[in-house]
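Here the structure comes first, spelled out in structure tokens, and everything after it is commentary.
The values are calculated or read from the model by the stated rules, or taken from the named source; none is laboratory data. Remember, predicted model here, so these are calculated numbers, not experimental data. For neighbour counting, all protein chains shown are included, and Cβ atoms are generated from backbone atoms with ideal geometry for every residue, glycine included.
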Amino acid sequence: MFEHWKERRQVKRQIEEMEQRLRGRVELKDASMIGYAVATDRHQIDMLRGCLKRMETERLIERAIKHEIVVPQFDEYWETDESTKKDCLTRAGEKLILNGIRDKRSEFLKRWGPIIAILISLVALIKSFWR
């Protein structure tokens, strides 16, 4: 989990550095190669954003597999990122996974909640007699 956050933070930092460099190049007085430099920087920023999106997709897919949630291969849930040419989840796909995880958790609590409550009350009763 922490590795994912570190990678994500590192990619975001790279995007910020590229955007700063892009702003600096725009302010240059010598504009002979500025078009090529701006296009190159824009492409690199788009690639990094695509990597961020792909990392988020992989993390959500791992969580979906852990909770036994199936993500259908419909167009409304998947899109191809133009910069990386890889499939990523759309907002609807992300919502599908997150809602599925929430439903699985609530189903677990509905099933085991009363039993846990009974066990806690029994432990409290035993502890009260123990004194």
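The table for this structure:
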read-out: Yes/no for residue 104 being charged (D, E, K, R), more than 17 Å from the chain's Cα centre (by Cα) and surrounded by 11 or more Cβ atoms within 10 Å (Cβ to Cβ); value: yes
read-out: Flag if residue 100 is farther than 21 Å from residue 51 by Cα, among the small types (Gly, Ala, Ser) and in contact with a helix residue (DSSP H, G or I) (Cβ under 9 Å, 6 or more places away or on another chain); value: yes
read-out: Unmet requirement for residue 70, which otherwise passes all of (1) crowded, with 17+ Cβ neighbours inside 10 Å; (2) among the hydrophobic types (A, V, I, L, M, F, W, C); (3) over 30 Å from residue 21 (Cβ atoms); value: (1)
read-out: Failed condition for residue 88, given (1) under 16 Å from residue 53 (Cα atoms); (2) over 24 Å from the mean Cα position of the chain (by Cα); value: (2)
read-out: Restricting the range 73-89 to residues that are assigned to a loop (DSSP other than H, G, I, E, B), without any contact (Cβ under 8 Å) to a residue 24 or more places away in the chain and not charged (D, E, K, R), the residue that is surrounded by the fewest Cβ atoms within 10 Å (Cβ to Cβ); value: 73
read-out: Options 62, 56, 94, 17; residue that is surrounded by fewer than 15 Cβ atoms within 10 Å (Cβ to Cβ), modelled with pLDDT of 90 or more and within 27 Å of residue 2 (Cβ to Cβ); value: 62
read-out: Condition check for residue 12: over 30 Å from residue 107 (Cα atoms), at pLDDT below 90 and assigned to a helix (DSSP H, G or I); value: yes
read-out: Any hit, the range 90-101, residues being free of Cβ contacts under 8 Å to residues at least 60 places away in the same chain and in a loop (DSSP other than H, G, I, E, B); value: yes
